[in-house]
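A short write-up of the structure that comes next.
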Amino acid sequence: MAGTLKFSRAKKLSDGRPAAEPPPVRSLNASREIAMTWLAIVVEVVTSIAVAYGLWGILHQRFQRGGGLLLAADISFALSLFCLLVGSFIYQITRLGFFLRLRDHRPFSRDKLEAVYDSEPHSLAVLVPSYREEESVVRHTLMSAALMEYPGKRVTLLIDDPPDPKEPEHQKSLAAVRKLPREIDAMMRRQEKIYLAELKKFLERARMPFDPVFESRRLARLYRGVAEWLEQQAASYKGVDHYDAIYVGRILLEPARDHRERAADFETRNRSAVNLSQAQAEHEYRRLAALFSARLNSFERKRYENLSHASNKAMNLNSYVGLLGRKFREVIESGKLHLVECADELAQITVPDADYVITVDADSMLLSRYALALTHIMDQPEAERFAVVQSPFSAVPGCPSSLERIAGAQTDVQWIASQGSTYFNASFWVGANALLRRAALEDICEIVEERGYPVRRYIHDRTLVEDTESAIDLVVRGWQIYNHPERLSYSATPRDFGALVIQRRRWANGPLLIVPKLLRYAVSASNRRRRLPEISLRLYGLTSVSSAIAMALMLAIPYLDSRPLPLIWLILAALPYYLVYARDLKNCGYQRSDVLRMYAFNLLLIPISIAGMLKSLQQAITGIPSPFVRTPKVPGRTAVPAIYTLVLALAFPWFAYSAILALRYGGYAMMAFQIVNAASILYVLASFVHLPSACKDAMADLSIRFATEDERPSAVPEPSRPSLAAHRA
């Protein structure tokens, strides 16, 4: 239905466990939401003008009186408030873009999506970069990729672990991950054999008069067989958490239900005397044969001396994309293994070519229609210049912890803004999963030298946000990035405060370094006036991390003016943003009251974002890229560096002092503001940060930092890595 996004209801598994249910994006009246968004924009603009006028009057009077430090504080507050109001306005604009798209969106029909089974499809490679991931996490991803519908796809696990680890724990983990592709591939081959044989038998029967009743009954039986196999996989899977629940519910049981419905449809055809045509029957047999046609393997670039060994996801992907469509043999030179291109008759390794490439992180899951929907878009004539078609990921529902749930809520609401940016042709590539056009990757390919060997670089690894910088590279070359307005993928959310620090610090480290490249594009691009919305949204996307500084200044500098005007108008200026944000939370399956928790969560992110930006500045000055640190996905806790706990611990007394100071000088607006912040930071410490454990981490971190050389342990684990106890947990 147009303007409506629906998810299926939860089912019960055979052992009584509830199947996973995604955040229910409720039936949305797009026209009503568009009207509400326009109203919010108008109110925001009017109140922002009133706030600006009021603040200008205060600043003018302060200047005439020679305000000194108070004037500087007021100017800082005004500039910070301006930055935050711009962010609020941008959110409203992207929200408007989303509902304008949703109003006109029509889900693809099954016939359109499945036309790929009746013709020669584009070749598709699915690449799963992995670095020291847990076996269960990788299994989810590989199974979702293998069961994703698309004929003849190849799924390759790009293992980036050191190939010869010394630690027994890493040896065991690497062996398990290496085994996974072979295990799942063998499972697919056993099933594919059954349905290939059925296709062969049908083609033999096609020489005789066609019997629609017989074929309908046979197809119904075969689809029930597929459903039963998926249900058996679900029943035998021993899940322990919400990631397992979403895997069982949406990757296994949801397709099983669809196959049962298809079987019932064929049985209904017989009862209602609706004949099945021979062409329709052949289509169904070919689809059945393709359901298990995925070929799975693995590749380890670090085994080969002449491939890139740079420690980041971008070069892991680049190394394999550079091999597509070529043949190689292994050669030992100077005692090290090399991969050398060779003629067909000498080839030991053949890497099939691919027109399209799907990249999916090893902690993500793709729904069964992901490839069908995105390749269908890419195949349209109007999508000729689409380089990236993606369905930005949603958070896995059912999170047990408050922090993980609110981080997931932010991800799900951000999905709306990402979709809205497409309306203005201002989308960024989201690296967790996407469909890439191979020709576009070749268009931005560069040959660089690493350790004396030439390597191909498609995705830039200059920053830790390689997908964002590569999006600008593609846009500069005239390519476009498109977000499909349906939720078709899930990705992991940090489970604890330590993991959140690693992820969000990495996300904040890099966008500012890309701004000069965007500005050069803005100056050189034709039709600059028409591109102004695109450039503005992209520029805000790259600089939005700086809003952490604006918020930090607003929190740190008391604003002591006694006039009531700022309080009234500040509330009115902020109200539209928080009202629509609360509404979007509700639409994504959360509570409206979660908007208060989201405010507290954003306070938590301030020191993390600033730390990431400082790393960017360090790289800009020194030219040395920051090391890539993966986000831990193990259960238990991740150690937290002392600085983050210290900042949060000191924030509460400062907010309390600022409120008292504001009360003394009659600054009631600042007093109310700081009381809210003090309450929020208490909630952060109580619900998001495990304070006793964080304090222990801080003490351990400080003891290491200030220990003498003789006192330091010979091998200190990184603060950003999970502890051994967490691994065991």
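The values are calculated or read from the model by the stated rules, or taken from the named source; none is laboratory data. Quick caveat, the model's predicted, so the values are computed rather than measured. Note that we place each Cβ from the backbone using ideal geometry, even for glycine, and neighbour counts take in every protein chain shown.
Since Gly398 meets every condition but one in (1) in contact with a helix residue (DSSP H, G or I) (Cβ under 8 Å, 6 or more places away or on another chain); (2) in a helix (DSSP H, G or I); (3) modelled with pLDDT under 95, which condition does it not meet?
(2)
Suppose we filter region 491-501 for residues that are aliphatic (A, V, I, L, M) and either within 17 Å of Asp467 (Cβ to Cβ) or surrounded by fewer than 24 Cβ atoms within 10 Å (Cβ to Cβ) (or both); how many remain?
Let us first name the residues in region 491-501 that are aliphatic (A, V, I, L, M), namely 492, 499-501.
If we keep only those that are either within 17 Å of Asp467 (Cβ to Cβ) or surrounded by fewer than 24 Cβ atoms within 10 Å (Cβ to Cβ) (or both) as well, we get 492.
Adding up the residues that qualify gives 1.
State which residue pairs qualify: first residue outside any helix (DSSP H, G or I) and inside region 52-80, second residue crowded, with 17+ Cβ neighbours inside 10 Å in any location, beta carbons under 8 Å apart, and separation of 6 or more residues or different chains.
Cβ pairs passing all conditions: Gly67/Asp74.
Considering only residues that are assigned to a helix (DSSP H, G or I), over 26 Å from Arg295 (Cα atoms) and charged (D, E, K, R), which ones fall in region 160-203? So that I can check it myself, show each step before the final result.
To start, the set of residues in region 160-203 that are assigned to a helix (DSSP H, G or I) comprises 168-203.
Checking which are over 26 Å from Arg295 (Cα atoms) leaves us with 168-170.
Correct list: Glu169 only.
List the pairs whose first member sits in region 532-559 and is farther than 21 Å from Leu604 by Cβ, whose second member is β-branched (Val, Ile, Thr), and whose Cβ atoms are under 6 Å apart, counting only residues at least 6 apart or on separate chains?
Tyr540/Ile90; Leu542/Ile514; Leu542/Val515
Among the candidates Ala620, Ala686, Ala649, single out the residue that is surrounded by fewer than 16 Cβ atoms within 10 Å (Cβ to Cβ), touching a residue at least 24 places away in the same chain (Cβ under 8 Å) and either out of contact with any Ser or Thr (no Cβ under 7 Å at 6 or more places or on another chain) or assigned to a helix (DSSP H, G or I) (or both).
Ala620
Please find, among Lys586, Lys615, the residue that is in the same structural domain as Arg504 (by TED's automatic domain parsing), in a helix (DSSP H, G or I), farther than 21 Å from Thr493 by Cα and modelled with pLDDT of 90 or more. Step through it out loud before you land on a result.
Values: Lys586 fails: farther than 21 Å from Thr493 by Cα.
Exactly one of Lys586, Lys615 is in the same structural domain as Arg504 (by TED's automatic domain parsing), in a helix (DSSP H, G or I), farther than 21 Å from Thr493 by Cα and modelled with pLDDT of 90 or more, namely Lys615.
Suppose we filter Glu261, Glu169 for residues that are surrounded by fewer than 13 Cβ atoms within 10 Å (Cβ to Cβ), of a type outside the set (A, V, I, L, M, F, W, C), under 30 Å from Arg303 (Cβ atoms) and assigned by TED's automatic domain parsing to the domain that holds Ala294; which single one remains? Lay out the reasoning, then the answer.
Values: Glu261 fails: under 30 Å from Arg303 (Cβ atoms).
Matching residue, one of Glu261, Glu169: Glu169.
Among the residues of region 86-95, is any in a loop (DSSP other than H, G, I, E, B), within 24 Å of the chain's Cα centre (by Cα) and either hydrophobic (A, V, I, L, M, F, W, C) or crowded, with 21+ Cβ neighbours inside 10 Å (or both)?
Step one: filter region 86-95 for residues in a loop (DSSP other than H, G, I, E, B), giving none.
No.
Mind checking whether some residue in region 275-295 is surrounded by fewer than 16 Cβ atoms within 10 Å (Cβ to Cβ) and under 22 Å from Glu446 (Cβ atoms)?
No, region 275-295 contains no residue that is surrounded by fewer than 16 Cβ atoms within 10 Å (Cβ to Cβ) and under 22 Å from Glu446 (Cβ atoms).
Considering every residue within region 592-601, establish whether at least one is in contact with a Lys or Arg (Cβ under 9 Å, 6 or more places away or on another chain) and not in a helix (DSSP H, G or I).
Scanning region 592-601 turns up at least one residue that is in contact with a Lys or Arg (Cβ under 9 Å, 6 or more places away or on another chain) and not in a helix (DSSP H, G or I).
Just to be sure I understand, how many residues within region 328-362 are surrounded by fewer than 18 Cβ atoms within 10 Å (Cβ to Cβ) and either in a strand (DSSP E or B) or touching a residue at least 60 places away in the same chain (Cβ under 8 Å) (or both)? Working first, answer last.
Going residue by residue through region 328-362, those that are surrounded by fewer than 18 Cβ atoms within 10 Å (Cβ to Cβ) are 329-338, 340-350, 352-353, 355.
From the residues that got through so far, the ones that are either in a strand (DSSP E or B) or touching a residue at least 60 places away in the same chain (Cβ under 8 Å) (or both) too are 329-333, 336-338, 340-341, 349-350, 352-353, 355.
Looking only at that region, the number is 15.
Taking the condition at pLDDT 75 or above, out of contact with any Leu (no Cβ under 6 Å at 6 or more places or on another chain), more than 30 Å from Trp229 (Cβ to Cβ) and surrounded by 13 or more Cβ atoms within 10 Å (Cβ to Cβ), does Leu81 pass? Reasoning before the result, please.
Numbers: at pLDDT 75 or above: yes; out of contact with any Leu (no Cβ under 6 Å at 6 or more places or on another chain): yes; more than 30 Å from Trp229 (Cβ to Cβ): yes; surrounded by 13 or more Cβ atoms within 10 Å (Cβ to Cβ): yes.
So Leu81 passes the test.
Inspect region 408-427 for any residue being out of contact with any Asp or Glu (no Cβ under 6 Å at 6 or more places or on another chain) and not in a helix (DSSP H, G or I) and give the result as yes or no.
Within region 408-427 (the criterion being out of contact with any Asp or Glu (no Cβ under 6 Å at 6 or more places or on another chain) and not in a helix (DSSP H, G or I)), the answer is yes, since at least one residue qualifies.
Let's see how each residue does on (1) within 20 Å of Asn602 (Cα to Cα); (2) of a type outside the set (A, V, I, L, M, F, W, C); (3) over 14 Å from the mean Cα position of the chain (by Cα):
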| residue | (1), (2), (3) |
| --- | --- |
| Phe386 | no, no, yes |
| Gln390 | no, yes, no |
| Ser394 | yes, yes, no |
| Gly398 | no, yes, yes |
| Arg405 | yes, yes, yes |
| Gln419 | no, yes, no |
| Asn425 | no, yes, yes |
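Look through Arg260, Arg303 and report the one residue that is in contact with a Leu (Cβ under 7 Å, 6 or more places away or on another chain) and basic (Lys, Arg). Can you show your working first?
On the way: Arg260 fails: in contact with a Leu (Cβ under 7 Å, 6 or more places away or on another chain).
None of the other options fit; the residue is Arg303.
Tell me yes or no: at least one residue of region 134-154 is in a strand (DSSP E or B) and under 30 Å from Val351 (Cα atoms).
First pass over region 134-154, keeping only residues in a strand (DSSP E or B): 154.
Filter once more, so that each one left must be under 30 Å from Val351 (Cα atoms): 154.
Yes: region 134-154 contains one or more residues that are in a strand (DSSP E or B) and under 30 Å from Val351 (Cα atoms).
If Glu442 passes every condition in (1) touching a residue at least 40 places away in the same chain (Cβ under 8 Å); (2) outside any strand (DSSP E or B) but one, which one does it miss?
Failing condition for Glu442: (1).
Among the residues of region 118-133, what is the count of those that are in a helix (DSSP H, G or I) and at pLDDT 95 or above?
Qualifying residue count for the region: 0.
Of Glu254, Glu267, Glu192, which residue is assigned by TED's automatic domain parsing to the domain that holds Ala294 and without any contact (Cβ under 8 Å) to a residue 60 or more places away in the chain? Walk me through how you get there before you give the answer.
Working: Glu254 fails: without any contact (Cβ under 8 Å) to a residue 60 or more places away in the chain; Glu192 fails: without any contact (Cβ under 8 Å) to a residue 60 or more places away in the chain.
Just one listed residue meets the conditions, Glu267.
Taking Arg250 as the residue in question, decide whether it is in a helix (DSSP H, G or I), touching a helix residue (DSSP H, G or I) at 6+ places or on another chain (Cβ under 7 Å) and surrounded by 18 or more Cβ atoms within 10 Å (Cβ to Cβ). Quick ask: steps written out before the conclusion?
Numbers: in a helix (DSSP H, G or I): yes; touching a helix residue (DSSP H, G or I) at 6+ places or on another chain (Cβ under 7 Å): no; surrounded by 18 or more Cβ atoms within 10 Å (Cβ to Cβ): yes.
Against the criterion (in a helix (DSSP H, G or I), touching a helix residue (DSSP H, G or I) at 6+ places or on another chain (Cβ under 7 Å) and surrounded by 18 or more Cβ atoms within 10 Å (Cβ to Cβ)), Arg250 does not qualify.
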